[in-house]
Structure formats: structure tokens, C-alpha cells
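Chemist: One structure follows; several queries about it will come next.
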Amino acid sequence: MPEILDRARTQVLENGVGLDQAGVLAVLNLPDEDLPAALQLAHEVRMRWCGPEVEVEGIVSLKTGGCPEDCHFCSQSGLFTSPVRSVWLDIPNLVAAAKQTAATGATEFCIVAAVRGPDARLMKQLREGVAAIQAEVDIQVAASLGMLTQEQVDELVEMGVHRYNHNLETCRSYFPNVVTTHSWEERWETLRMVRESGMEVCCGGILGLGETVEQRAEFAAQLAELDPHEVPLNFLNPRPGTPLGDRPVVEGKDALRAIAAFRLAMPRTILRYAGGRELTLGDLGTRDGLLGGINAVIVGNYLTTLGRPATDDLKLLDDLKMPVKALSATL
Amino acid sequence: MTELSPTAPAAPWCDHCGTATGAGDHAACAAARALEPPRYCDRCRRRMKVQVLPAGWSARCVEHGEIHA
Ligand SMILES: [Zn+2]
Ligand SMILES: [Zn+2]
């Protein structure tokens, strides 16, 4: 057993204290033959500190495309020649999407907009949408609308949005290579306001943007410092027309190493499989991740790309004897 | 739920990359379409307005109307 896993067994599994940056890096650098042991330990940590339940979420894009920011991985930036056109979702279809999500047993429905931050039109659309969902669907509503002002944070709380997603995307040292139209620190400031408002903080990122293994460890440590309620982990799905459109996808084993390492850095967080898992890991990888530290999934489709059918994920959870977290357990 | 065939053999344009189906190899496009909605109208190659939903998608060409799955 590698020294880092011995140390993690005591520190993380028994005492609930996450690995620091150096520890995460050691896990990310483990040879392939030690990967099963790392995943096994991460799974034990997840079971010990989070339990067997899996939080299921659906997401939908309220406003797609035409974003003024230049996040180099994103097909929704208006600055690249991506085939994604700008489109708004109306309220009846938003409610229908929430119903589709609730029908899978999901407890979370996240409404996402491709914007730098919300304007008055978007806030109005969201307010009407959240009210309509709350009137008709038994599900918790989360939102992801970019950078917020304090007034907008207060407004979201008042609407009843219970969790806010704002990804740091990558570590602080690599962020300027990925986004130039705003800073990592601006994102951090929104996260600080969300935290102080009492909303749950959802913050993760994307692996495979060209960051080094050291920077992946840096990112895990920075997320651990933020201590979000939820960390969505995406793997780059290179999008045609974007600056990262020609990057290779993350190797399956590197993705699994990262899952184990992020779990060992954050023993209590909701660690969610988000976009790119189908491409990076295929069907088998979803199972490996759920047995290696992941305790939440996005089911169904993503914002501009498709996922595997929700029924496939639900069947897998059933096979693994991992119950879907119920609404009553989250309130 | 019935999904229309990604790009019918007779369609002149690839609904994934927007180039002519008669020229070049679109095998990778067809493979990508398993996890992506169409982006181009396969009849006129216009970029479509595409809305992805948790359990489906719709794609609208201003000239040829809406398809969905
Ligand atoms: Zn093509
Ligand atoms: Zn057309």
C-alpha cells in the first residue's frame, strides 16, 4: 500500500480531515496498479462521511448561447465560431423540463444561463420560472447565472433558490489561460456572497483544459478551502469552434485518479459526476466512479449536449444498492 | 419518444458539421450525434436554434421548421 493511501486511511477515513495539495498530488501521481486501492479508499471515505445515498440532479439551459465571455472550453461563447445559436426557453417548457427531471426521482433541478451575470430580463424570467416550478413540481431549484451582485444574491434567496452553482472551472494559476474576460477572483467574490447568503454553494470545474497534474492538485486544494456543499466534476468535451476544440479527452484512468483524489481532499462534499463522463469513461466508468468517491450524478441531457438515458443511471444505482437521496432527506 | 434519423441518406447537408454529405467522411459526425443534437438543417445547412431538455431536444430551422426527439 503506497504511503499516501496509508496516511489517507487514518487522516481522511478515520478523522475526516481532507488531504492537502501535496497529498492530492501524490494520489494523482499513483501508478495504475495502485488505482483500485485509491478508488476503494475514496469509496470508503464517501460511505463513512456521506453515506450510501446518491443525489440525483437534472439541469436545463434557460438561455443558451450568445455569451459575451470567452471561456475557452465553452460552445456558448458568442466570441467563437461555434454552431450553437442563441435561444431562450419559455416558462411552460421550463416547467416541463422540471417535471421530466422530477420523474427520474431527482431532488435537484438546476436552471442555467450562459451569461456573464444576470440582467433584469433574466432575473424576471427566472423569478417567473421558479414560482411556476414551485407551484407544480416537487423538486428543489438551483441556479447558475454567472457572476452576481449582492442585490441579485438577495433576490435569489427570496425566490427560494436553495443552491447556487458557480464553477471556478480550474485552479487560480491556470485560470487566465482559460478565461480572459473576467478573473478567478471575481468568481470567488460571487461564491463568497452566495455562501454568506445561506444558499448552498455548488462549485466545481472541468478537468482536461490543459492544466498540469500539479495544477489539478492546486485546484482540489482551492476547492477544499472554499468547502462547497457540492462539487460538480466535468471532463472536457472538446467543442468544435472553441479554442480547446482540438484538445484530447482526459484518459479514463486519469479521470478516475482525479475522482479519488478530489474525494480524499473533500470527504464530506457532494461530489457530482457532471459533463463529459460518457466521453471520457464510457458506461463502465460511471460505475467505477460511483465506487470511487462519486455520490451524485446529473441525469439525462446537459446544456448543449446529450447524456446517457436517465434510466441507465438509475438502473446502475439500483444494481449498486445505492439509494437515490429523497427530497425529505435534503430539506 | 421517436428520434428522427440523424441524417437521412438523401439529406444534402450533414446536420452535425454543416458540410455536404456527398463530400468528405462524416462517420465521426454520425458518432458524435449519439451524444449531441443536430446543429445544422440537413435540407438547407442553416444553423438551427436548438434547445436541449433533460429528456430530449428540439431544433428549429427558420425555413424548414422544427424537429425534435
Ligand atoms: Zn459531418
Ligand atoms: Zn432548413
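Chemist: Take A:35, A:25 and sort them by solvent-accessible surface of the protein heavy atoms, 1.4 Å probe, largest at the top. Provide the component values of the computation, followed by the final result.
Modeler: Numbers: A:35 10, A:25 45 Å².
Largest accessible area first, the list is A:25, A:35.
Chemist: With the radius of gyration and the Kirkwood radius both derived from the Cα set of region A:276-323, what is their ratio Rg to Rh? Intermediate results must be reported in sequence, preceding the final value.
Modeler: Values: Rg = 10.3 Å, Rh = 11.0 Å.
Taking Rh as the inverse mean 1/r over Cα pairs, Rg/Rh reads 0.94.
Chemist: While we're looking at this one, here's another question. What does the charge add up to near residue A:53, with Lys and Arg as +1, Asp and Glu as -1, over the other residues with Cβ less than 12 Å from its Cβ? Before the final figure, lay out each step's value.
Modeler: Details: positive: A:46, A:321, A:325; negative: A:55.
Summing Lys and Arg as +1 and Asp and Glu as -1 gives +2.
Chemist: Once you average over the residues of B:53-65, how many Cβ atoms of partner chains fall within 10 Å of each Cβ? Could the numbers behind the result be given before it?
Modeler: On the way: counts 12, 22, 15, 6, 4, 2, 2, 2, 0, 0, 0, 0, 0.
Across B:53-65, the average partner-chain Cβ count within 10 Å equals 5.
Chemist: Give A:315/B:49; A:99/A:325; A:99/A:315; A:124/A:325; A:63/A:315 a once-over and call out the pairs whose C-alpha atoms are over 23 Å from each other. It would help to have the intermediate numbers written out before the result.
Modeler: Working: A:315/B:49 33 Å; A:99/A:325 17 Å; A:99/A:315 20 Å; A:124/A:325 31 Å; A:63/A:315 31 Å.
With Cα atoms farther than 23 Å apart: A:315/B:49; A:124/A:325; A:63/A:315.
Chemist: Considering only protein heavy atoms, what per residue accessible area in square angstrom results for the protein assembly as shown with a 1.4 angstrom probe? Walk me through the intermediate numbers first.
Modeler: Working: 16100 Å² over 400 residues.
Per-residue value: 40 Å².
Chemist: Return the inverse of the average 1/r over all pairs of distinct C-alpha atoms in region A:24-107, which is the Kirkwood hydrodynamic radius, in Å to one decimal.
Modeler: On the way: mean 1/r = 0.0588 Å⁻¹.
Every distinct Cα pair counted, the radius reaches 17.0 Å.
Chemist: When only Cα pairs under 8 Å and 6 or more residues apart are kept, what is the percent relative contact order across chain A? Kindly include the intermediate steps, with their values, before the conclusion.
Modeler: Values: 659 pairs, mean separation 85.0, N = 331.
Reported as a whole number, the value is 26 percent.
Chemist: A further question on this structure: Sort all Cα-Cα distances of region A:45-90 into consecutive 10 angstrom bins from zero, then give the percent of pairs in each bin up to the one containing the longest distance.
Modeler: Going out from 0 Å in 10 Å bins, region A:45-90 shows 24, 30, 16, 21, 9 percent.
Chemist: Can you give me the convex hull volume of the Cα atoms of region A:190-304, divided per residue and expressed in Å³?
Modeler: So the per-residue Cα hull volume is 116 Å³.
Chemist: Taking the mean number of other Cβ atoms within 10 Å as a proxy for protection, how do you rank B:59-69, A:254-264 from highest to lowest? Numbers along the way, then the final one.
Modeler: Numbers: B:59-69: 15.1, A:254-264: 27.5.
Final packing ranking: A:254-264, B:59-69.
Chemist: Relative contact order for chain B using alpha-carbon pairs under 8 Å, separation at least 6, rounded to a whole percent? Write down the numbers at each step before the final one.
Modeler: On the way: 114 pairs, mean separation 19.8, N = 69.
It rounds to 29 percent for chain B.
Chemist: Rounded if a/c is under 1.5, else prolate if a/b is larger than b/c, else oblate: which is region A:81-190, with a ≥ b ≥ c the root eigenvalues of its Cα gyration tensor? Walk me through the numbers on the way to the answer.
Modeler: Working: a/c = 1.84, a/b = 1.64, b/c = 1.13.
Prolate, because a/c is 1.5 or more and a/b exceeds b/c.
Chemist: Let me ask something additional. Summing Lys, Arg as +1 and Asp, Glu as -1, what charge do residues with Cβ under 10 Å from the Cβ of residue B:41 carry, residue B:41 excluded?
Modeler: Here the count lands on +3.
Chemist: What is the P(r) of region A:111-269, as percent of Cα-Cα pairs per 5 Å bin from 0?
Modeler: Pair shares across the bins are 2, 8, 17, 19, 18, 15, 11, 7, 2, 0.
Chemist: Turning to a different aspect of this structure: Using protein chains only and a probe of 1.4 angstrom, how many square angstrom of residue A:219 are accessible, to the nearest 10?
Modeler: We get 0 Å² for residue A:219.
Chemist: Let me ask something additional. Roughly speaking, what % of Cα-Cα pairs in region A:143-220 are separated by over 17 Å, rounded to a whole number?
Modeler: On the way: 1346 of 3003 pairs.
Looking at region A:143-220, the distances longer than 17 Å represent 45 percent of pairs.
Chemist: Something else about it: Any chance you could list P(r) for the protein assembly as shown, counting all Cα-Cα pairs in 20 angstrom bins from zero, rounded to whole %?
Modeler: In order of increasing distance, the bins hold 28, 60, 12, 0 percent.
Chemist: Now for a separate question. Quick one, can you get me the convex hull of the C-alpha atoms of region A:238-331 expressed as volume per residue in Å³? Mind dumping the intermediate values first?
Modeler: Values: hull volume 11.5 nm³, N = 94.
Here the figure is 123 Å³ per residue.
Chemist: Scaled to the compact-protein estimate 2.2 N^0.38 Å, what is the alpha-carbon radius of gyration of region B:27-68, rounded to two decimal places? Write out the running numbers ahead of the final one.
Modeler: On the way: Rg = 10.4 Å, N = 42, 2.2 N^0.38 = 9.1 Å.
That works out to 1.14 for region B:27-68.
Chemist: Tell me, for chain A, which Cys residues have no other cysteine's C-beta sitting closer than 4.7 Å.
Modeler: A:50, A:67, A:110, A:171, A:202, A:203
Chemist: Ok, one more. Average partner chain C-beta neighbours within 10 Å, per residue of A:87-94?
Modeler: Details: counts 8, 2, 3, 1, 0, 0, 3, 1.
So the per-residue partner count for this stretch is 2.
Chemist: Could you work out the mean count of beta carbons from other protein chains within 10 Å of each residue's beta carbon in B:32-42? Please report the intermediate quantities before stating the final value.
Modeler: Working: counts 4, 1, 3, 10, 10, 4, 1, 7, 1, 0, 0.
Per-residue shielding by partner chains comes out at 4.
The values are calculated or read from the model by the stated rules, or taken from the named source; none is laboratory data. Worth saying up front: this structure is predicted, and the values here are computed from it rather than measured. FYI the Cβ positions are ideal-geometry reconstructions off the backbone, even for glycines, and counts take in every protein chain you see. Note: areas computed on protein heavy atoms with side chains; ligands, DNA, RNA excluded. Shrake-Rupley method; radii C 1.70, N 1.55, O 1.52, S 1.80 Å.
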